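Since the structure comes first, as structure tokens, the remarks are kept for the end.
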Amino acid sequence: MANNILVTGGAGFIGANLTLKLQSMYPDSKILVLDDFTSANFKNLIKFKGEVLACDVSTDELFFKVEDFNPNMIFHLASITDTTVTDQELMMRKNVDGFKNILEIAYDNNATVVYASSASVYGNVKEHVPLKEDREKHPENVYAFSKYVMDNIAEDFSKDTGLKAVGVRYFNVYGPGEAHKGKFASMIFQLYKQMKEGKRPRIFEYGEQKRDFVYVKDAVEMTILAMNAPKTTVYNVGSGEPHSFNDVIKYLNEALGTNYEPEYFECPYDFYQEYTHADMTKAKEELGFVPKYHLKEGIKEYVDIMEGKIDYPIR
Ligand SMILES: NC(=O)c1ccc[n+]([C@@H]2O[C@H](COP(=O)([O-])OP(=O)(O)OC[C@H]3O[C@@H](n4cnc5c(N)ncnc54)[C@H](O)[C@@H]3O)[C@@H](O)[C@H]2O)c1
């Protein structure tokens with residue numbers, strides 16, 4: 001079926017992987033990418049054949065840029081992703097106002113929206129338990145707060161209008177196309193870079209903190225499946241299996257054929273999250289989503305792509 005698919009933030013990390021997957025899944029559809037290029041890399045879209053326009057989705061420019069496109073599917077990933085931004089007004093304007101504009105466009109075109117939420121809405125959970133979507137939220141910074149507000153707005157807007165807006169609550173996504181994110185790229189990328197420079201990978205003492213790392217191909221698959229959600233709701237997007245930073249280094253060593261020992265250093269923060277773990281039951285039951293990549297396999301494939309051993313449209 002031919003669709004008109006709008007992807008915001010499509011020149012970013014997850015957005016570009018998503019755009020290229022959509023291009024291969026829907027060869028007869030039109031795909032329009034909008035991105036303000038504040039944290040993007042145009043090289044992520046070199047294999048993309050559709051239209052790419054510079055646009056800040058939080059401004060009225062959005063309405064002009066989309067005027068004749070009539071999207072029936074909208075993937076909204078555009079967002080400030082620098083979680084250390086402390087300018088609260090800026091964060092709220094870009095992330096929340098931008099999302100409201102997208103909901104208006106969706107409503108005008110009778111489109112379905114899938115938008116990027118974040119596991120950061122759960123906050124610093126102290127118990128080592130799988131996090132269910134409906135548990136209490138404790139956003140600890142204004143980035144997380146903006147995502148929390150987006151989840152609430154989606155629900156309200158949907159109640160008022162009947163529009164379907166589905167949140168995908170990403171955990172720690174890693175994979176090709178994230179290098180432009182610098183210190184906000186995944187720890188897997190940071191540690192890979194250190195090891196490639198011949199350095200011992202540096203992690204906080206004693207590397208046993210665990211994260212739910214999810215490979216970008218799984219995150220993209222889940223994002224596309226979310227279009228089929230029965231109603232407005234939010235789904236966790238993780239692997240469902242937390243792994244320690246020591247595990248990450250072990251798998252990087254295996255993939256690179258090296259034998260680096262971690263270099264531990266004291267964590268400078270008063271509070272550092274020990275554990276994140278996505279409960280993936282809802283995504284499995286409602287959308288049939290099962291992550292395909294164990295961390296070991298995801299890291300192996302990612303390293304092979306970065307080393308040029310596997311062909312992938314983004315490196
Ligand atoms: N990568 C992760 O682990 C992760 C975790 C949780 C949530 N997320 C969410 O997933 C989405 C994609 O993140 P990513 O990791 O690909 O980061 P990214 O920074 O690579 O992508 C964000 C994209 O949005 C664009 N953008 C920012 N503000 C914009 C605006 N006002 N108008 C138009 N474009 C704008 C940027 O230029 C960039 O291309 C974001 O919404 C992010 O909050 C990502």
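The values are calculated or read from the model by the stated rules, or taken from the named source; none is laboratory data. Worth saying up front: this structure is predicted, and the values here are computed from it rather than measured. Because the Cβ atoms are built from the backbone with ideal geometry, glycine has one as well, and the counts that use them run over all protein chains shown. What goes into the accessible areas is simple: the full protein's heavy atoms, side chains included, and nothing from ligands, DNA or RNA. Shrake-Rupley method; radii C 1.70, N 1.55, O 1.52, S 1.80 Å.
Answer with yes or no whether LYS199 is in a loop (DSSP other than H, G, I, E, B), farther than 20 Å from SER79 by Cα and outside the structural domain of ARG135 (by TED's automatic domain parsing).
Details: in a loop (DSSP other than H, G, I, E, B): yes; farther than 20 Å from SER79 by Cα: yes; outside the structural domain of ARG135 (by TED's automatic domain parsing): yes.
So LYS199 passes the test.
Given the conditions (1) within 16 Å of the ligand (Cβ to nearest atom); (2) surrounded by fewer than 19 Cβ atoms within 10 Å (Cβ to Cβ); (3) closer than 24 Å to GLU254 by Cα, and given that ARG211 satisfies all but one, which numbered condition is not satisfied?
Every condition holds for ARG211 apart from (2).
Kindly list the number of the only condition in (1) touching a Phe, Trp or Tyr at 6+ places or on another chain (Cβ under 9 Å); (2) more than 17 Å from TYR174 (Cα to Cα); (3) open to solvent by 20 Å² or more (accessible area, probe 1.4 Å) that fails for HIS277.
(2)
Mind counting the residues in the stretch 202-229 that are in contact with a Lys or Arg (Cβ under 8 Å, 6 or more places away or on another chain) and in a loop (DSSP other than H, G, I, E, B)?
1
Tell me yes or no: at least one residue of the stretch 24-32 is under 30 Å from GLU140 (Cβ atoms) and in a loop (DSSP other than H, G, I, E, B).
So the first thing to find is which residues in the stretch 24-32 are under 30 Å from GLU140 (Cβ atoms), and the list is none.
No; the residues of the stretch 24-32 include none that is under 30 Å from GLU140 (Cβ atoms) and in a loop (DSSP other than H, G, I, E, B).
Against the condition open to solvent by 50 Å² or more (accessible area, probe 1.4 Å) and within 30 Å of LYS30 (Cα to Cα), how does LYS126 come out, does it pass? I'd like the intermediate steps shown before the answer.
Working: open to solvent by 50 Å² or more (accessible area, probe 1.4 Å): yes; within 30 Å of LYS30 (Cα to Cα): no.
When the stated conditions are applied, LYS126 does not pass them.
What's the number of the only condition in (1) within 16 Å of the ligand (Cβ to nearest atom); (2) part of a strand (DSSP E or B) that TYR264 fails to meet?
Here TYR264 clears every test but (1).
Go through (1) of a type in the set (Val, Ile, Thr); (2) at pLDDT 95 or above; (3) surrounded by fewer than 20 Cβ atoms within 10 Å (Cβ to Cβ); (4) touching a helix residue (DSSP H, G or I) at 6+ places or on another chain (Cβ under 9 Å) one by one and return the number of the condition ILE74 breaks.
Unmet for ILE74, out of (1) of a type in the set (Val, Ile, Thr); (2) at pLDDT 95 or above; (3) surrounded by fewer than 20 Cβ atoms within 10 Å (Cβ to Cβ); (4) touching a helix residue (DSSP H, G or I) at 6+ places or on another chain (Cβ under 9 Å): (3).
I need the full set of residues from the stretch 60-71 which are over 17 Å from GLY10 (Cα atoms) and either in contact with a strand residue (DSSP E or B) (Cβ under 6 Å, 6 or more places away or on another chain) or assigned to a loop (DSSP other than H, G, I, E, B) (or both), in order please.
Across the stretch 60-71, the qualifying residues are ASP60, GLU67, ASP68, ASN70.
(1) open to solvent by less than 50 Å² (accessible area, probe 1.4 Å); (2) under 21 Å from TYR148 (Cβ atoms); (3) out of contact with any helix residue (DSSP H, G or I) (no Cβ under 6 Å at 6 or more places or on another chain): which one isn't true of LYS231, the others all being true?
So LYS231 meets the others, but not (1).
Would you mention how many residues in the stretch 138-176 are within 15 Å of the ligand (Cβ to nearest atom) and open to solvent by 50 Å² or more (accessible area, probe 1.4 Å)?
Just the residues of the stretch 138-176 that are within 15 Å of the ligand (Cβ to nearest atom), to begin with: 139-151, 153-154, 165-176.
Okay, now just the ones that are also open to solvent by 50 Å² or more (accessible area, probe 1.4 Å), so 140-141, 145, 148, 172.
Selection size over the stretch 138-176: 5.
Can you report the number of residues in the stretch 26-71 which are acidic (Asp, Glu), within 13 Å of the ligand (Cβ to nearest atom) and either open to solvent by 50 Å² or more (accessible area, probe 1.4 Å) or at pLDDT below 95 (or both)? Let's see the steps before the verdict.
Our first condition is that a residue be acidic (Asp, Glu); within the stretch 26-71, this holds for 28, 35-36, 51, 56, 60-61, 67-68.
In the following step, the residues that additionally are within 13 Å of the ligand (Cβ to nearest atom) were identified as 35-36, 56, 60-61.
Among the residues that remain, those that are also either open to solvent by 50 Å² or more (accessible area, probe 1.4 Å) or at pLDDT below 95 (or both) are: 36, 60-61.
Adding up the residues that qualify gives 3.
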